[in-house]
1. Please work out if residue A:207 is in a loop (DSSP other than H, G, I, E, B) and under 16 Å from residue A:265 (Cα atoms).
2. Go through (1) under 16 Å from residue B:173 (Cβ atoms); (2) touching a helix residue (DSSP H, G or I) at 6+ places or on another chain (Cβ under 6 Å) one by one and return the number of the condition residue B:276 breaks.
3. Counting only residues that are within 21 Å of residue A:339 (Cβ to Cβ) and assigned to a loop (DSSP other than H, G, I, E, B), how many does the range A:311-329 have?
4. Can you find, within the range A:159-202, the residue that is nearest to the other protein chains (Cβ to nearest Cβ) among those that are in a helix (DSSP H, G or I) and over 18 Å from residue A:265 (Cα atoms)?
5. The conditions are (1) surrounded by 14 or more Cβ atoms within 10 Å (Cβ to Cβ); (2) more than 28 Å from residue B:144 (Cα to Cα); (3) under 23 Å from the mean Cα position of the chain (by Cα), and residue B:214 fails exactly one of them. Which is it?
6. State whether the residues of the range A:97-109 include one that is in a strand (DSSP E or B) and either under 27 Å from residue B:139 (Cα atoms) or at pLDDT below 95 (or both).
7. Among the residues of the range A:122-158 satisfying the criterion of being part of a loop (DSSP other than H, G, I, E, B) and farther than 20 Å from residue A:259 by Cα, which is modelled with the highest pLDDT?
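The values are calculated or read from the model by the stated rules, or taken from the named source; none is laboratory data. The model shown is predicted, which means the values in this text are computed figures rather than measured ones. Counting neighbours? That spans all protein chains shown, and the Cβs are built from the backbone with ideal geometry, glycine included.
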């Protein structure tokens, strides 16, 4: 008897476990292909709620799903932890560390980072919000600022500690500004003895002529009014020209203003992750000015039918000439499209070009306050807030975090408390207190090293 | 009219926001004294559940209560963030950073750290479990070990990644061993493709002749049998003689054994925190061999009626000659005693000596498995597990975390999932993978720095 040699399965390699990579893998789960999902983290992060970690409402685990757990039952799917450094399109393989992973089809979905428009030195003073570590660092800075203000006797310095500047009026900037306003003016009001947290100043700086430029102008206006009612000061048509020594300088109507602030948060600018550049160099495909890879109508790249780029890293401009926005629904739909296309191709079929179905835009401003733009219907206030909640629960439903998050929200809603407001890392609140040399409670070397929580 | 000069209130300063400090402050809340609670962290940590953070069941915020939030309504209580470096008993003041805080009555409750019995070099290889950062580091090591084993092709190295050694057979060691066994043999069983997590080895090393020496011998035996049934290998009468290069050497019956293990966890030895020593030097009070301060029957120190030492930092041997154990109920009762005594003293009264009411001992082994020793009644198995749950809920009830924790437990219980198993910090799982120099997904400097979650 001669054993028939089994033909090896089609090898699909996905780099990145964000929304794009995750939904590609989900679509291919249990399909007749081998899938390798590579990510440098062992969890998928629900990025749209990251600002709630940064402002002390949720814990990192509440908005994360362990990748192995998500694909535990998909026996054709292998999760590989590591960072891809090289893509070799000729040899059809990617390299991470000393491992070589061959592919028949490759999906690159490594997302985007913040852009500081060439001023990378601003980054240290004005951190962005892309990773769990970013969120924990923001949380540390926000809550440490109040603590430092409580101990500061110099009124000028105290005001700098109580001044929060958020650069960028997109959804993240708006949500951060709203959440910090609620913290200062509501949650923390009774907690301090030397300062009045209501004296905190929260500034939102926006380059364009209105906040939330991606939604309808009338909703933008409602959002701005709601934020202002909460106590946020909004400056539109404003460009940051310098960030240095805890002073942010911005230009508005040709006038320069210097604001002393100990907490400057960055929510502006997008830049494709570095792997896009690596890919472009090896394939001669073009990137746009933000480092996003220009993709074909079927999300492949020019000259390589077996390489897809999706999500925030992709510049897809075949729908209305403008690149699709870097939001979760786009990445999700692209992942599903690519997963479907790969399966059809195995049988010699194909799909028409990718088409994004706009599911609308929404932004949370505060408790009972949100704006929702579905095109055919526009919601504001409490109704929008409920809708925002439902949409996010719906998205989370595919992971195992849904109940905990919903419960936590409800709990925070009732108690107006922020239980996750731990100041962790960097010796509790290094930024605020003068250095202490004689350790008392934590005498060990390990505990003295900068760490984050 | 002449305004009567108001007599300043009695100043109570509490150093440390653990169980001892917290309950002192709670007892004094709204009393006719001024209270200053000093801690270097902005939250109280429910340490008995820290092992559940280390093994991926709970998030740090689930077992923490922000101190300001706890005392928000107690207008006589001020929370001060900082690290006390000097105690000056003559001038009646403590110093933190450049701040001087005067006191009429001082309570020192800064707890204890792990002792490595003079072998501090072991600490890096075998971390302990006292702080949130410790727990996150343990979590990172445990889950990274499985990830590294999945990628390792050398069988010897792979076995080292799948070998977990826990040093110390007290409650923390037992609870860690049980939780890791459940992880390896149940939770993670379906999650990997190259390794069989059931091949993991979990060793529990105990110096004495039985684990959980503080409970009745028959319960010790049940606990040991339950652990062994879960898959844990227990070595009693075993002393660790060396930890070096991922090899732990231990002596049992004069025989030396070398075990290769990438994950060695320390749950043995106790050492009073450094502030105890500072205090002892300034007051000539004695410390025991573990650095705990010897206290008088009323928890003051010799020669200073206005300085109390309580909790894990105190050696109180006036009840049966042996020092009281370093557990939460002792600290709590001592805090309440001191709070009461301070109030009585204001009216010229006093209290009989402190008396600890033993509330029993208990340890969680795994799902549906615990041992409870109440003296008059002993429980094992499911009943003990339910009792353990109720006791912990009862303790948590005084904080705002209770519902979330209970819910999370229930959820984990039903799904047998560990949703908080994030590998964070130190570039995801640095210990396991070969160094990657060409950054791909995270090109920024900030993200490349060692950070923890």
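1. Working: in a loop (DSSP other than H, G, I, E, B): yes; under 16 Å from residue A:265 (Cα atoms): yes.
For residue A:207, the condition - in a loop (DSSP other than H, G, I, E, B) and under 16 Å from residue A:265 (Cα atoms) - is met.
2. (1)
3. 6
4. Filtering the range A:159-202 down to residues in a helix (DSSP H, G or I) leaves A:159-161, A:171-187, A:197-199.
Next cut, over 18 Å from residue A:265 (Cα atoms) only: A:185-187, A:197-199.
On the way: A:185: 15, A:186: 12, A:187: 9, A:197: 11, A:198: 15, A:199: 17 Å.
Looking at the filtered set, the residue picked out is A:187.
5. Tallying (1) surrounded by 14 or more Cβ atoms within 10 Å (Cβ to Cβ); (2) more than 28 Å from residue B:144 (Cα to Cα); (3) under 23 Å from the mean Cα position of the chain (by Cα), residue B:214 fails exactly one: (1).
6. Here is the first cut: in the range A:97-109, the ones in a strand (DSSP E or B) are A:99-102, A:105-108.
Next cut, either under 27 Å from residue B:139 (Cα atoms) or at pLDDT below 95 (or both) only: A:99.
For the range A:97-109, residues in a strand (DSSP E or B) and either under 27 Å from residue B:139 (Cα atoms) or at pLDDT below 95 (or both): present.
7. Of the residues in the range A:122-158, the ones part of a loop (DSSP other than H, G, I, E, B) are A:126-131, A:152-154.
Subsequent filtering for residues that are farther than 20 Å from residue A:259 by Cα retains A:129-131.
Working: A:129: 96, A:130: 93, A:131: 92.
The extreme case among them is A:129.
Residue-by-condition table, conditions (1) over 30 Å from residue B:333 (Cα atoms); (2) crowded, with 19+ Cβ neighbours inside 10 Å; (3) more than 24 Å from the chain's Cα centre (by Cα):
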{"residue": "B:206", "(1), (2), (3)": "no, yes, no"}
{"residue": "B:220", "(1), (2), (3)": "no, yes, no"}
{"residue": "B:254", "(1), (2), (3)": "yes, no, yes"}
{"residue": "B:265", "(1), (2), (3)": "yes, yes, no"}
{"residue": "B:271", "(1), (2), (3)": "no, yes, no"}
{"residue": "B:274", "(1), (2), (3)": "no, yes, no"}
{"residue": "B:287", "(1), (2), (3)": "no, no, no"}
{"residue": "B:294", "(1), (2), (3)": "no, no, no"}
{"residue": "B:306", "(1), (2), (3)": "no, no, yes"}
